[in-house]
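The values are calculated or read from the model by the stated rules, or taken from the named source; none is laboratory data. Here the structure is a predicted model, which is why all the values come from computation and not from measurement. Methodologically, a virtual Cβ is constructed for each residue, glycine included, from the backbone with ideal geometry; neighbour enumeration extends over all protein chains shown.
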Amino acid sequence: MYRENTILLRDNMIFGKKLRQIRLEKELKQEDVAAKLGFKSNSYISDVESGKFIPADDKLKVWAEALGMSWEEMERLKLETKIEELGISDPAFTMMFKEVPNMTPEEKQSMIRAFEAVLKARQAKGQHKTQP
């Protein structure tokens, strides 16, 4: 079987739906993407789009090309899926998480210190557990 990256099923489903949406917007058939990836049938594409698994990066790079996307756009799509899976819907937090890879070490440390201050303040108030 070709289950390269088995993550959480919900994560897989969100990512698969996003890939399907992009494919349909580009007016491509599953068979078109399958052919670019070197498969004779569309079952691999169908499995990914239905959330059975997320392909390995080497396959996703070819998939990105087939959809007319850059690798950076595909990586951003993966990141957005993970952020969505975490339940983060606040646009400011989403933007912050998307920017982390572009931050300098000093900027990352600044964010960590700010978060540590929040945790310390919460602990001082007697809220030892994180809120859902």
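Among the candidates Lys59, Lys40, Lys52, Lys36, the residue that is among the basic types (Lys, Arg), closer than 28 Å to Val100 by Cβ and modelled with pLDDT under 95 is uniquely Lys59. Comparison of Ile112, Ile45 shows that the only residue that is in contact with a helix residue (DSSP H, G or I) (Cβ under 8 Å, 6 or more places away or on another chain) and either farther than 22 Å from Glu25 by Cβ or aliphatic (A, V, I, L, M) (or both) is Ile45.
I'm checking my understanding of the structure. Among residues of the stretch 14-53 that are part of a loop (DSSP other than H, G, I, E, B) and among the hydroxyl-bearing types (Ser, Thr, Tyr), which one is nearest to the chain's Cα centre (by Cα)? Here the answer is Ser50. Taking the criterion of being within 10 Å of the chain's Cα centre (by Cα) and of a type in the set (Val, Ile, Thr), the residues of the stretch 66-108 that qualify are Thr81, Ile83. For the stretch 23-46, a tally of residues being touching a residue at least 40 places away in the same chain (Cβ under 8 Å) and more than 18 Å from Glu73 (Cβ to Cβ) returns 1.
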